[in-house]
Amino acid sequence: MPLPAYLTTAEVAEYLRLKERKVYDLVSQGVIPCVRVTGKLLFPRQRIDL
């Protein structure tokens with residue numbers, strides 16, 4: 001089964017070993033790229049893996 005193209009905030013936090021609050025802070029600073037879909041932040045897996 002292929003990996004999903006986008007990760008949720010919780011998945012990114014777990015992957016990067018950060019708290020979700022820190023992920024939101026990094027998004028607001030423009031450090032982590034994301035898209036907003038139906039009010040949720042989604043993170044492109046390819047950009048997180050860099």
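The values are calculated or read from the model by the stated rules, or taken from the named source; none is laboratory data. Bear in mind the structure is a predicted one, so any value in this text is a computation, not a measurement. Note: ideal-geometry Cβ built from the backbone for every residue, glycine included; neighbour counts use all protein chains shown.
So here's what we get for this one:
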| item | result |
| --- | --- |
| Some residue of the stretch 27-41 being touching a residue at least 24 places away in the same chain (Cβ under 8 Å), surrounded by 14 or more Cβ atoms within 10 Å (Cβ to Cβ) and out of contact with any Pro (no Cβ under 7 Å at 6 or more places or on another chain) | yes |
| Subset tally (residues that are under 17 Å from residue 46 (Cβ atoms) and touching a helix residue (DSSP H, G or I) at 6+ places or on another chain (Cβ under 8 Å)) for the stretch 10-22 | 3 |
| Residues of the stretch 6-50 classified as in contact with a Leu (Cβ under 9 Å, 6 or more places away or on another chain), in a loop (DSSP other than H, G, I, E, B) and among the aliphatic types (A, V, I, L, M), total | 2 |
| So residue 47, is it at pLDDT 95 or above and either of a type outside the set (A, V, I, L, M, F, W, C) or surrounded by 16 or more Cβ atoms within 10 Å (Cβ to Cβ) (or both) | no |
| Test for residue 29: is it at pLDDT below 95 and out of contact with any His (no Cβ under 9 Å at 6 or more places or on another chain) | no |
